[in-house]
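Data first, discussion second: the structure below is written as structure tokens.
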Amino acid sequence: MSLKPHLKVLVSAAVVILAAVSCNLLLATERPNVVLVITDDQGYPPLARLGHPWIRTPHLDALHDSSTRFSRFLVCPTCSPTRSALMTGRHSMRNGVTHTILERERLTLDAATLPQVLSKAGYKSGIFGKWHLGDEEPYQPHRRGFDHVFIHGAGGIGQAYDCSCADVPHNSYFDPVVRMNGRFVKTHGFCTDVFFSAAMDWIDETEKADPPFFAYIATNAPHGPFLAPDENKRRFLEMGFGDEQAAFYGMIENIDDNIGRLMRHLEERDLFRNTVVIFMSDNGMTGGGSGRPGIPLGRDSDGQEIMPYNAGMRGLKGSPDEGGVRVPFFIRWDGHWKAGRDIDRIAGDIDVFPTIAAITGAELPAGQIEGRSLLPLLEDTQASWTDRYLYTHVGRWATGQEPNDFQWKNFSVRNQRFRFVNNTELFDMEADPGQTMNVIEQFPEVVQEIRSAYDTWWKATRPMMVNESAEMSPTRPFHELYEKQLADGGIPEWKPS
């Protein structure tokens with residue numbers, strides 16, 4: 001009997017098996033893990049590699065050098081709005097987020113979140129640190145797609161307002177009480193150290209189980225109150241800084257220490273081969289701990305004034321100017337994107353969702369995404385890229401006031417060349433990145449076009465501000481849950497592995 005038919009069957013089977021293996025390998029390489037680190041109130045300037053004169057950030061500098069960087073990456077002027085844009089791929093006001101408190105920080109329940117779409121693509125998601133998109137139960141991250149939750153409440157540890165936005169009573173940056181998967185636990189150590197340790201533990205557990213993961217590490221530092229470990233703060237006190245400034249910069253150097261820990265963790269587990277790492281901040285640098293432009297922070301040992309550093313930009317956190325919204329954005333995927341490149345195309349928080357979706361193969365929710373995938377630019381920095389407008393509004397009008405009354409106040413519109421501010425100023429950002437010369441009289445057609453585009457955008461956005469008529473919650477969910485758990489048996493201790 002001839003063996004040829006059998007050989008043909010065997011060969012065909014082998015081809016099928018090899019094709020399946022190749023397909024699985026391809027899927028594995030095309031479905032990377034994602035680690036997104038976002039700091040609170042750090043802004044753009046306080047990194048050594050970005051020109052800061054006294055801060056030391058060797059690990060962030062190394063991440064900068066090994067990444068592709070977007071040099072004009074723009075977010076919202078304050079924290080909850082940016083976080084809502086990351087989670088949905090659209091402007092914060094279209095998520096109902098027009099403030100950071102007073103029930104106006106709640107991310108609309110009608111939006112599909114990034115972890116929800118990643119879950120459909122087979123991912124596990126964990127959050128570590130700051131959520132700040134609603135403390136009431138329907139808005140909590142375990143109801144918005146996260147499989148593992150390790151967070152503080154409100155916008156900062158220990159914060160409490162006359163609404164639902166409130167953390168555990170009397171909570172502290174040192175040894176904070178954290179809500180972990182619905183139950184409070186008592187931790188030990190400085191908050192940033194705790195959040196990174198919890199994230200690395202979860203990465204190990206999830207990586208062993210094999211699904212790709214999305215780790216969202218959202219530090220509350222260096223947001224005030226300005227507190228830092230003594231070893232991070234000491235050098236700045238010795239340099240002549242006041243206590244607040246020493247703690248602010250100490251918190252950033254502590255973040256850098258933890259970035260070093262995380263990078264070593266990924267390297268030791270050979271995870272860089274298939275992990276995208278992103279670093280960014282949530283809004284412009286705070287003036288609270290970093291100081292105000294033109295006002296000395298103190299004097300050094302030689303008696304010379306120490307002046308704040310804002311990378312030549314106008315504006316700080318809470319401003320619609322470039323300094324209020326520009327942040328670092330480093331993105332690294334070893335073996336896929338060449339390290340050490342800068343991309344000067346404007347990009348922003350609304351682009352993170354579609355970019356991660358494109359990288360992971362997750363399906364975008366229909367009709368929701370305003371942003372663009374940055375993948376074409378990551379693969380080719382010279383890729384064709386159509387100019388566009390990015391819209392900024394500080395929001396934060398008093399509850400009960402009509403948003404339309406504030407349409408033309410405290411806003412800006414940015415394209416690649418121009419920033420239009422408060423309906424009265426136009427800056428050529430390519431020629432004048434420090435916004436020193438108002439050129440509004442020189443470009444009437446540009447101004448007319450921007451005003452028209454912004455007006456159209458606002459009119460489409462106003463109906464989506466769903467929290468404007470929300471009644472203030474009579475209760476603080478984290479307070480109630482904490483007191484109930486205390487009465488039912490107490491708060492167990494949590495320690496990293």
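Throughout, read-outs are computed from the coordinates displayed, never taken from laboratory work. All figures in this text were calculated on a predicted structure; none of them were measured in a lab. FYI the Cβ positions are ideal-geometry reconstructions off the backbone, even for glycines, and counts take in every protein chain you see.
Please compare each pair in K124/K484; K409/K459; K124/K317; K130/K186; K130/K208; K124/K495 to a cut-off of 24 Å on the Cα-Cα distance and tell me which ones are over it. Provide the component values of the computation, followed by the final result.
On the way: K124/K484 30 Å; K409/K459 15 Å; K124/K317 33 Å; K130/K186 16 Å; K130/K208 26 Å; K124/K495 22 Å.
As for pairs spanning more than 24 Å Cα to Cα, those are K124/K484; K124/K317; K130/K208.
How high is the relative contact order of the chain, given as a whole-number percent (alpha carbon pairs under 8 Å, six or more residues apart)?
Values: 1058 pairs, mean separation 117.8, N = 497.
Reported as a whole number, the value is 24 percent.
Filter the trypsin sites (Lys or Arg not before Pro) in the range 270-362 to those in DSSP coil with at most 13 other Cβ atoms within 10 Å of their Cβ, and list the result.
On the way: sites: R273, R299, R314, K317, R326, R332, K338, R341, R345; in loops: R314, K317, K338, R345.
Those satisfying the criteria are K338.
So for the range 390-464, averaging the separation of alpha carbon pairs under 8 Å that are six or more residues apart and normalising by length, what relative contact order in percent results?
Values: 79 pairs, mean separation 16.3, N = 75.
Across the range 390-464, relative contact order equals 22 percent.
Compute the length gained on full extension between M307 and A470: take 0.36 nm times their separation in residues and subtract their Cα-Cα distance, giving the result in nm to one decimal. Walk me through the numbers on the way to the answer.
Values: separation 163, 0.36 × 163 = 58.68 nm, distance 4.28 nm.
The M307-A470 span can extend by a further 54.4 nm.
Any idea how far the Cα center of the range 285-304 sits from the one of the range 386-460, in Å?
30 Å
Counting only helical runs of four or more DSSP H residues, what would the 222 nm mean residue ellipticity of the chain come to if each run contributes -39,500 (n - 2.57) and the total is spread over all its residues?
Numbers: 13 runs with 159 residues, N = 497.
Mean residue ellipticity at 222 nm (helix-derived): -10000 deg cm²/dmol.
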